[in-house]
Every structure is written in structure tokens, then in C-alpha cells.
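The structure appears below as C-alpha cells.
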Amino acid sequence: AREYEFVERARFERMLESEDINSFLKVLGETVYSPFISDISARSSFEKVMTDNYGTMLRYLEERLRDEHRMLSHILFFEEILNNMKVIFKSVVIEKDLSSLFIPVIYDWEQLTRAYISDDPKNMDEFADKLISYLKDILEKPGEKDYRKIELGFEKYYSAAMAGIAAGLNRKMISEYISQRIDLVNIENIYRWKQMGEKKDFDDILHNGGNI
């Protein structure tokens, strides 16, 4: 059990209320994660330390999860995988290398770009192959395209696919977690829709599978 690594609610709230990175690190230094502060200082990058520890987390899960539960890692990295698939999408659309925006977790940049370009699902799981195929089918259709509409449609497809994975794991807690993640996506989309004055229907921006 690794419950000792959990951060207490009060301390977590203090970190959220930090005015800058130094204040955040000061509170973090009061937790079991204090050894990582030296890594952050040495590398001058909080992001690099975070991504390195994604790998540690994945190795920990791979060593302990049963085969039928291995897709749990995808659930836990819901946001990161979505970000990466959208980076691939935008890279294809503008014909520019956007690997600097890619978060190296579960899949790597070369793996996904190679799969998109070559139709080669080698070393890809069924989930990633399904996402890449969805994007490729839409982007390669002839005619003018509304790329924002494609992006929103892909996000909805992604959420539905993740909800399917959660259902397949047959764990109530995991299904509830995904529903809450979808709620967060919907809240963000509504806020963005309002701030940007987008002329989209709610059906275009809201994902099914949430609680609200």
C-alpha cells in the first residue's frame, strides 16, 4: 500500500492557492515528495520531473496490474492521451512538427506519427489504433473541413471510447471517475464556448457520459 504518499486535503488546498511556483514548492517540501524538489531545481523544469515520474508510475502499474486491468493506465492518463492525440491532429493539419507539445506517456511521438503515416498498427494497442483511424478517416475525406468541428467531434469520440474502457474494467469506482472527468471536460468546454463566443450548439461541445 502507498497511502503514505497521499497529500492531506489542507496541504493540497494550500498548494492550489500558491501564488507562484516557489510558494508551491515550499508546500510540496512538507510532503513525502520533498526529494523531488532538488530534481526540479537541477533541471530548472517542473514539467520534466513530472513526465519522468509518469514513467515511474506506469512501470509500477505494469508490474502489478492483471492483464484484464492494464487499460487502467489509459484511464489515469485521460487528459494526457487526449492532449497527445490532438497534437497529432494539429500537426497533420498545419504540416508542422509539434512534438514539443507532446507528453511522453503511454505512447511516444514517433510511434503515433508513424502509425498515422504508414497505416502500420505495429506496437499499437487497439485503443490507439481506433483513435488514429478516426482522425485519419475524417482528415482524408475530400472537401472543405471545419477543423474546430472535427476537433470537438474527436473529443466526444475519445470520451465515449474512454467510457467504454471504464465499463469494460467492470469497476464502479473507475466508471464514476470517468464520468467526473467528462463533467470537467464539459465544464471547460462551456466556459471556453462562452469566453470565445463560439457559435456552436450544446450538442457540439457537450460529451455524453457525465453526471451533469
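The values are calculated or read from the model by the stated rules, or taken from the named source; none is laboratory data. Being a predicted model, the structure only gives us computed values, none of them experimental. All Cβ positions, glycine included, derive from the backbone under ideal geometry; neighbour counts span all protein chains shown. Areas reflect the complete protein model, heavy atoms only, side chains present, ligands, DNA and RNA absent. Shrake-Rupley method; radii C 1.70, N 1.55, O 1.52, S 1.80 Å.
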Sorted by accessible surface (1.4 Å probe, heavy atoms of the protein chains only), largest first, LYS26, LYS149, LYS156 come out as LYS26, LYS149, LYS156
Could you tell me the accessible area of VAL87 in Å² (1.4 Å probe, neighbours in place), rounded to the nearest ten? 10 Å²
Binning at 10 Å from 0, report for the range 63-168 what percent of all alpha-carbon pair distances ends up in each bin. 13, 48, 32, 7, 1
Which log10 I(q)/I(0) values does the chain give at q = 0.13, 0.14 Å⁻¹ under the Debye formula, counting every alpha carbon as one identical point scatterer? -0.94, -1.08
Solution diffusion estimate, µm²/s, Stokes-Einstein, the range 111-197, Kirkwood Rh from C-alpha pairs, 37 °C, viscosity 0.692 mPa s: 220 µm²/s
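Take the alpha carbon gyration tensor of the range 86-138, find the square roots of its eigenvalues, order them as a ≥ b ≥ c, and report rounded if a/c is under 1.5; if not, report prolate when a/b exceeds b/c, else oblate. Display every interim value, and only then the final one.
Details: a/c = 1.76, a/b = 1.19, b/c = 1.47.
It comes out oblate by the Cα gyration axes.
Can you list the GluC sites (Glu not before Pro) in the range 95-182 that are in a DSSP coil and have 13 or fewer other beta carbons within 10 angstrom? Walk me through the intermediate numbers first.
On the way: sites: GLU95, GLU110, GLU126, GLU140, GLU144, GLU151, GLU155, GLU176; in loops: GLU95, GLU140, GLU144.
Answer in residue order: GLU95, GLU140, GLU144.
So what are the range 61-108's ellipsoid semi-axes, whole angstrom, largest first, if each one is the square root of 5 times an eigenvalue of the alpha-carbon gyration tensor? Don't skip to the end; give the middle numbers.
Details: eigenvalues 147, 17, 12 Å².
Three semi-axes, in Å: 27, 9, 8.
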Go through LYS172/LYS199; LYS141/LYS194; LYS96/LYS130; LYS26/LYS194; LYS96/LYS194; LYS96/LYS145 and tell me which ones have a Cα-Cα distance over 25 Å in this structure. LYS172/LYS199; LYS141/LYS194; LYS26/LYS194; LYS96/LYS194
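Looking only at chymotrypsin sites (Phe, Trp or Tyr not before Pro) in DSSP loops with at most 15 other Cβ atoms within 10 Å, what is the longest site-free stretch of the chain? Could the numbers behind the result be given before it?
Working: sites that count: PHE6, TYR33.
Longest run free of exposed loop sites: 34-212.
Per DSSP H run of n ≥ 4, the term is -39500 (n - 2.57); total these for the chain, divide by its residue number, and report the mean residue ellipticity at 222 nm rounded to 500 deg cm²/dmol.
Values: 11 runs with 142 residues, N = 212.
Here the helix-only value at 222 nm equals -21000 deg cm²/dmol.
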Go through the range 8-18 residue by residue and turn each phi into a ³J(HN,Hα) via Karplus (6.51, -1.76, 1.60, θ = phi - 60°); whole Hz please, and just put x for glycine and proline. 4, 4, 4, 6, 4, 5, 5, 5, 5, 8, 4
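Got a sec? What order do HIS69, HIS207 fall in by accessible area at 1.4 Å, biggest, i.e. largest, first? Write down the numbers at each step before the final one.
On the way: HIS69 45, HIS207 15 Å².
Result of the area sort, largest leading: HIS69, HIS207.
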Please find, in a Gaussian network model of the chain (springs between Cα atoms separated by less than 10 Å), the residue of ASN189, ASN83, ASN22 whose mean-square fluctuation is greatest. ASN22
